[in-house]
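The values are calculated or read from the model by the stated rules, or taken from the named source; none is laboratory data. From a predicted model like this one, the values you see are computed outputs, not experimental measurements. Glycine also receives a Cβ, built like all others from the backbone with ideal geometry; neighbour counts cover every protein chain displayed.
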Amino acid sequence: MPVLFTKVILMRLFMFTSQAKEDLHAFAGDESGSKLPAKYGPWGLTGTLSSREAPPHKFSRRAIEQAISTEGFQLWRMKAKG
């Protein structure tokens, strides 16, 4: 009886903040944020998430990883306080 294995790709996530738009943030798949949109740069690295850590704000890790796989990044904004 053959045994099937599912290949799981564990992705480390890098978190950035736009220095042009203070409420704009991003997840990227590399530490330099090489695929982040230049029009919102420069980008500052603000943290990393290991392959097993949950993203902040109850964001879907699967959706973030999918966006990084297809687009190279995932943008998100913080709501204005108040």
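Does residue 14 satisfy being in contact (Cβ under 8 Å) with a residue 24 or more places away in the chain and touching an Asp or Glu at 6+ places or on another chain (Cβ under 8 Å)?
For residue 14, the condition - in contact (Cβ under 8 Å) with a residue 24 or more places away in the chain and touching an Asp or Glu at 6+ places or on another chain (Cβ under 8 Å) - is met.
Quick check: is even one residue across the stretch 17-24 of a type in the set (Asp, Glu) and modelled with pLDDT of 95 or more?
No, every residue in the stretch 17-24 fails to be of a type in the set (Asp, Glu) and modelled with pLDDT of 95 or more.
Please name all residue pairs, on different chains or six or more residues apart, with Cβ atoms under 6 Å, provided the first residue is in the stretch 56-82 and is at pLDDT below 95 and the second residue is in a helix (DSSP H, G or I).
Matching pairs, first to second residue: none at all.
Report, by residue number, each residue of the stretch 36-74 that is under 14 Å from residue 17 (Cα atoms) and touching a helix residue (DSSP H, G or I) at 6+ places or on another chain (Cβ under 8 Å).
73, 74
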